[in-house]
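As structure tokens, the structure follows; a few thoughts come after it.
Just so you know, all these numbers are worked out from the coordinates, no wet-lab data involved. Please read all numbers here as calculations on a predicted model, not as lab measurements. Counting neighbours? That spans all protein chains shown, and the Cβs are built from the backbone with ideal geometry, glycine included.
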Amino acid sequence: MHKNNENNKKPVILVAIFCILAGFIGGAGFSSFKLGKESSSADPAMPSQKETPVDALKTEVMRNPGNGKAWIQLGNAYFDSARYLESIDAYSKALEIDPSNANVITDMGVMYRRSGQPQKAVAAFDRAIAADPAHETARLNKGVVLLNDLEDTKGAVAAWEGLLAVNPFFMVGENKSLKEVVEAYK
């Protein structure tokens, strides 16, 4: 009887192993089918997983060219990815909608500088300062471009003195005031 019992166990074990394998393979196949079906029936209005933030913003500004915020976001995305000319173009579109946005004008000035156009950078910083006379970043950057790119020390000092008139305590480093920098260049 003992021998007959062992012979009966072998087919049961084989059937159990077959059922486990069939369940695993069937489950994996069903999951693949289900996932494939869900991604193909996704909402066409939703961006695909392969669409980048830049692509989504480009789509938005094509759909809504009057969306200044989207143009700014697109300019910022190009700014962050060092796509200078594309950033300038996006910022220009944003400024057609809101020509007095000193932050955007300043960012555009930075992109002009990075693209090797220091005169346009200074003009952009001047435009930002005209839009917001207290705009510290535009005043600082104007001095940096004048000093480093255009080798105009007097112009840089004048730009920074304008910044000091707005904020006499402006710091350019952890332990260095702009006032010290100006004195060093005088």
Practice task
Would you please state which residues of the stretch 132-150 a label at A184 would reach in this model, taking the label point 7 Å out along Cα→Cβ and a backbone N cut-off of under 17 Å?
Solution key: 140-141, 143-149
Handout entry: Loop-located GluC sites (Glu not before Pro) in the stretch 87-186 whose Cβ has at most 10 other Cβ within 10 Å (DSSP)
Key = E151, E174
Problem - Charge tally in the Cβ shell below 12 Å around A70, where Lys, Arg are +1 and Asp, Glu are -1, A70 excluded - result: +3
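Evaluate E = 1/(1 + (r/R0)^6) for T153 and K50, where r is the Cβ-Cβ distance and R0 equals 45 Å; express this FRET efficiency to the nearest 0.05.
Efficiency at R0 = 45 Å is approximately 0.35.
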